[in-house]
Amino acid sequence: MSLNKQHEIHTRRFGRNLGVGLTLGAFIAIIFGLTVVKVSQGDSEPSRAPAATEATQ
Amino acid sequence: MSDASINSPDFQGQAFESEAQFSDFFALLKPRVMTLVVFTAAVGLLAAPVSVHPFVAFCAILFIAVGGGASGALNMWWDADIDAVMKRTARRPIPAGKVTGDEALGIGLALSGFSVVFLGLASNWFAAGLLAFTIFFYVVIYTMWLKRWTPQNIVIGGAAGAFPPMIGWAVATGGISVESVLMFCLTFMWTPPHFWALALFIRKDYDHAGVPMLTVTHGRRSARNHILVYTVLLAVLAIAMAFTSAGGPVYLAVALVLNAMFVKGAFDIWRRDEDMSEADNFGVEKKFFKLSLLYLFAHFGAILIDAVLTRLGMGIWA
């Protein structure tokens with residue numbers, strides 16, 4: 001027998017599932033925001049090795 | 001259980017009143033302790049002489065809070081047996097039967113790893129290492145090893161709670177300085193008198209749980225002596241903080257007034273014996289405990305105010 005479309009467990013666990021969903025959504029928003037800030041600050045660029053820097057001068 | 005059994009009358013007939021809700025899992029993170037972690041970490045971060053992008057600062061404080069919460073969940077996992085016998089903690093999610101010990105362990109470990117890695121990515125790996133050490137210190141050194149073994153447990157536990165402002169400072173500066181060490185000392189030296197005053201008037205709980213509180217192992221006279229000594233040392237450190245770059249005139253004024261009140265309260269507790277305390281139902285001890293809550297909040301609040309004044313160009317010293 002499969003799980004009914006509107007099984008009692010759906011209502012019983014609604015709050016719990018909503019909490020997990022909102023937490024995951026907030027996590028995605030935070031990672032997105034951090035990425036935007038890091039990229040706009042230039043933190044994401046890998047630092048050049050000293051030899052490579054000297055060669056370009 | 002297979003999915004075929006979920007619709008069976010047996011399954012549906014079970015009582016689910018004790019099933020965990022999201023709030024029960026959240027309670028594992030000790031939200032009230034987390035508010036102190038958030039506040040002191042934010043003050044450490046904002047008082048630092050290096051500015052951090054507001055969103056990075058927000059994320060860093062969030063990850064520090066999650067790390068603090070994770071250590072709370074691991075503490076509840078390990079201490080479920082003693083939580084069940086103490087009135088103050090009997091309604092926590094594990095002793096209440098809402099969340100299993102294994103679930104708490106899983107959440108605690110997962111959030112510990114998550115918080116450390118993301119704090120490192122968001123700020124720097126020194127701050128992340130300090131957070132990892134704090135979680136290790138609180139869970140392994142304090143909870144698993146020393147809490148049930150030594151009456152100085154409160155002193156050691158206080159160290160774990162004192163790290164957040166240092167981590168906040170490290171997020172901004174990438175290191176440690178006199179200011180961040182003094183912020184650590186402020187919470188570290190404040191914790192013992194705060195908890196020993198509490199232990200003086202809720203003694204039965206700790207006796208039942210078999211946790212070696214100073215009041216039980218060395219006697220209540222000894223606890224009163226310890227409260228006075230720690231409070232005097234705390235006052236010296238708290239006032240010294242005023243003369244660093246994290247202090248300022250607002251902090252100095254707050255520190256002078258509150259430390260005078262705190263030392264007076266500790267002196268009153270020291271002067272009393274059990275008969276005097278019983279006579280007024282531990283009125284002085286309760287008053288000292290309430291003052292201790294204001295004490296820590298006001299000191300960190302004053303550091304924050306001085307930091308804001310300095311940023312606005314209205315700082316007087318440093």
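The values are calculated or read from the model by the stated rules, or taken from the named source; none is laboratory data. This structure is a prediction, so every number in the text was calculated from the model and none was measured. Glycine also receives a Cβ, built like all others from the backbone with ideal geometry; neighbour counts cover every protein chain displayed.
Laid out as a table, the results:
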{"read-out": "Filter result for B:Ser180 (surrounded by fewer than 19 Cβ atoms within 10 Å (Cβ to Cβ), among the hydroxyl-bearing types (Ser, Thr, Tyr) and more than 24 Å from B:Lys147 (Cα to Cα))", "value": "no"}
{"read-out": "Residue in the range B:221-264 that is nearest to the chain's Cα centre (by Cα), counting only those that are outside any helix (DSSP H, G or I) and either under 25 Å from B:Ser277 (Cα atoms) or among the aliphatic types (A, V, I, L, M) (or both)", "value": "B:Ala246"}
{"read-out": "Residue that is nearest to the chain's Cα centre (by Cα) [pool: residues in the range B:27-49 that are part of a loop (DSSP other than H, G, I, E, B) and either more than 14 Å from chain A (Cβ to nearest Cβ) or of a type in the set (Phe, Trp, Tyr) (or both)]", "value": "B:Lys30"}
{"read-out": "Among the candidates A:Gly33, A:Gly19, A:Gly15, A:Gly25, residue that is within 8 Å of chain B (Cβ to nearest Cβ), in a helix (DSSP H, G or I) and modelled with pLDDT of 95 or more", "value": "A:Gly33"}
{"read-out": "Some residue of the range B:258-278 being over 15 Å from B:Ala235 (Cα atoms), surrounded by 14 or more Cβ atoms within 10 Å (Cβ to Cβ) and among the small types (Gly, Ala, Ser)", "value": "yes"}
{"read-out": "Residue count for the range B:95-130, restricted to those that are small (Gly, Ala, Ser), crowded, with 22+ Cβ neighbours inside 10 Å and out of contact with any Phe, Trp or Tyr (no Cβ under 8 Å at 6 or more places or on another chain)", "value": "4"}
{"read-out": "Unique residue being within 14 Å of chain A (Cβ to nearest Cβ), modelled with pLDDT of 90 or more, assigned to a helix (DSSP H, G or I) and farther than 30 Å from A:Val37 by Cα when the list is B:Asp10, B:Asp24, B:Asp81", "value": "B:Asp24"}
{"read-out": "Counted residues, the range B:178-220 - those being assigned to a loop (DSSP other than H, G, I, E, B) and among the polar types (S, T, N, Q)", "value": "0"}
{"read-out": "Conditions (1) surrounded by 16 or more Cβ atoms within 10 Å (Cβ to Cβ); (2) out of contact with any His (no Cβ under 7 Å at 6 or more places or on another chain): number failed by B:Met86", "value": "(2)"}
{"read-out": "Residues (buried (at least 24 other Cβ atoms within 10 Å of the Cβ) and within 10 Å of B:Ile167 (Cα to Cα)) located in the range B:38-48", "value": "B:Thr40, B:Ala41, B:Gly44, B:Leu45"}
{"read-out": "Subset of the range B:108-164 that is touching a residue at least 60 places away in the same chain (Cβ under 8 Å) and within 14 Å of chain A (Cβ to nearest Cβ) - its residue that is nearest to B:Gly72 (Cα to Cα)", "value": "B:Leu111"}
{"read-out": "The range B:49-71: number of residues that are crowded, with 23+ Cβ neighbours inside 10 Å and at pLDDT below 95", "value": "0"}
{"read-out": "Pair list, Cβ < 6 Å and 6+ apart or interchain, from the range B:172-184 residues that are under 21 Å from B:Leu237 (Cα atoms) to residues that are aliphatic (A, V, I, L, M)", "value": "B:Glu179/B:Ala246; B:Ser180/B:Met166; B:Leu182/B:Met241; B:Phe184/B:Ala162; B:Phe184/B:Met166"}
